[in-house]
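FYI, it's all coordinate maths here, none of it is from the lab. Small disclaimer: the values here were computed from a predicted structure and weren't measured. Neighbour counts are summed over all protein chains in view; Cβ atoms, including those assigned to glycine, are modelled from backbone coordinates with ideal geometry.
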Amino acid sequence: MSLLTIGLNHKTAPVDVREHLTFGPDIIVAALRNLTEKEGIGEAVILSTCNRTELYCKTSHQTAGDIGRWMSEFHGLDPAMVNPYLYTHTDADAVSHLLGVSSGLDSLVLGEPQILGQVKSAYQTASDAGTTGKLLQRLFQHTFSAAKQVRTDTAIGSSPVSVAFAAVTLAKQIFSDTSTQTALLVGAGETIELTARHLHQQGIKRIIVANRTLEKAHELASQYDGFAIALTEIPTHLPEADIVISSTASPLPVLGKGTVESALKQRKHQPIFMVDIAVPRDIEPEVGNLEDIYLYTVDDLQEVIQDNLRSRQEAAEQAKEIIEQQTLEFMSWLRSLDAVDLIMDYRNQAEQTRDEVLQRAQRMLENGKSADEALAFLARTLTNKLLHVPSSQLREASSNGDKRILEAANALFQLRPPEKS
């Protein structure tokens, strides 16, 4: 049995590759069950966000190549085209990687807090789908505890740095005075909520929230004196928007080139700043070719984000020390499982021997033997049977000069102190 992680992220694959390998909410449960139906895959969790897709598996004999092939073929892709972007971690490295991811050390924005919620959601989805067991349940609970310790014991999350913050920072660079601007936010998830908060703090004049569920859009917009619209109403209100920031889970773009061209005409070609945080992308890439459109994707935010990271570097080093210690603790628990299985096997064997000898002693009583005879037979026979195999193995080890087994037996049974050489 081993723990295996395979995936790709913003460091190894561009957005046009990542968007083809996401597991949206409409397919992730089916994907989890399909994966765990493969022989040798006992448990699985799939983490799929804008910046990464990762599979965490308990496997007996499936290789990283097998699982990577499954991921590619599940999405109808040629594995040869996907393999160059994949990375693999096993056992302790897989544990350390997950702890780092959940603590924000592997994020586009160092130390960003949203990833922990996404990891928790991924685990809950797998748990509800019935694809987690003892190993992954323990691993993810351990991960949540370790990530909390990182947040508590370091300053990794002290600065307001996130993808949402970076998007707003970039908007301020393009529009020096945001107090006269209108922002259209597409989606109503955690990233859009953070974006709305940052825009409000920067004194944005007006916020429009568009979402597939109008009630959720209204709930968010009302917090910042904005108003809500349905996705189908975007073409009507897009001409009003100076800033557009989009992050939905839609598998297809929600903003096309034609819609944006029409909005620009109504705006008399006043520029629109757009940030597409979603993967798959919400805004057709061709929109970026239009004059008076400033279109950025999550990958383009990297430069902005780098300016806000310096204060977190020292905290990240402290976090790595915590992760290293927490990885050792988890691997210690994992190794103990071998002993648990061995103890259970040994106990079952002893209990089977006990039951066999007890039945023979009971038959002696039924056949008229005295209780003393039956008890003496029970004690003698049970002792002999329990000691026979260990005794013969120790004699063989002694005759072969295998001191390691003799010393291990001495420590195991605590018979006497080892002889001094």
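Most fluctuating residue of Leu55, Leu337, Leu139 in a GNM of the chain with Cα springs under 10 Å: which is it?
Judging by the Gaussian network model, the answer is Leu337.
Whole-Hz Karplus ³J(HN,Hα) for the range 238-245, in order, using 6.51 cos²θ - 1.76 cosθ + 1.60 and θ = phi - 60°, x for Gly and Pro?
Each residue's phi maps through the Karplus curve to give 4, x, 7, 8, 8, 10, 10, 10 Hz.
Could the peptides 187-199, 291-303 be put in order, highest first, of the mean number of other beta-carbon atoms found within 10 Å of their residues? Let's see the in-between values first.
Numbers: 187-199: 22.3, 291-303: 16.8.
Highest-to-lowest ranking by the protection proxy: 187-199, 291-303.
Output the peptides 219-227, 391-399, 245-253 sorted from most to least packed, where packing is the average of other Cβ atoms within 10 Å over each peptide's residues. The partial results should precede the final answer.
On the way: 219-227: 16.2, 391-399: 12.1, 245-253: 19.9.
Listed from highest to lowest mean packing, they are 245-253, 219-227, 391-399.
Based on Cβ point charges of +1 for Lys and Arg and -1 for Asp and Glu, what charge dipole magnitude is obtained for the range 370-413 about its Cα centre, in debye rounded to the nearest 20?
140
Given the options Thr22, Thr353, Thr90, which has the most mean-square fluctuation in a GNM of the chain, springs set between C-alpha atoms less than 10 angstrom apart?
Looking only at Thr22, Thr353, Thr90, the biggest GNM fluctuation is shown by Thr353.
For the chain, what does the helix formula give at 222 nm: sum of -39500 (n - 2.57) over DSSP H segments with n ≥ 4, over the residue count, nearest 500 deg cm²/dmol? Mind dumping the intermediate values first?
Values: 16 runs with 221 residues, N = 421.
Only helices count here, giving -17000 deg cm²/dmol.
Work out the length of the dipole vector of the range 163-308 about its Cα centre, built from +1 on the beta-carbon of each Lys and Arg and -1 on the beta-carbon of each Asp and Glu, and round it to the nearest 20 debye. Don't skip to the answer; put the middle values down first.
On the way: 11 positive and 20 negative charges, 71 e Å.
Computed about the Cα centre, the dipole is about 340 debye.
Please list the radius of gyration and Dmax for the chain, considering alpha-carbon atoms only, with Å as the unit.
When restricted to the Cα atoms of the chain, Rg and Dmax are 30.6, 111 Å.
Select from Glu286, Glu240, Glu261 the residue whose mean-square fluctuation is largest in a Gaussian network model of the chain (Cα-Cα springs shorter than 10 Å).
Highest fluctuation of the listed residues: Glu286.
What is the dipole size for the chain, taken about its Cα centre, with +1 at each Lys and Arg Cβ and -1 at each Asp and Glu Cβ, in debye to the nearest 20? Could you put the intermediate results ahead of the total?
Working: 39 positive and 54 negative charges, 238 e Å.
Roughly 1140 debye for the chain.
Would you mind calculating the relative contact order of the range 163-308 from Cα pairs under 8 angstrom and at least 6 residues apart, reporting the percent as a whole number?
Values: 267 pairs, mean separation 33.4, N = 146.
Relative contact order for the range 163-308 comes out at 23 percent.
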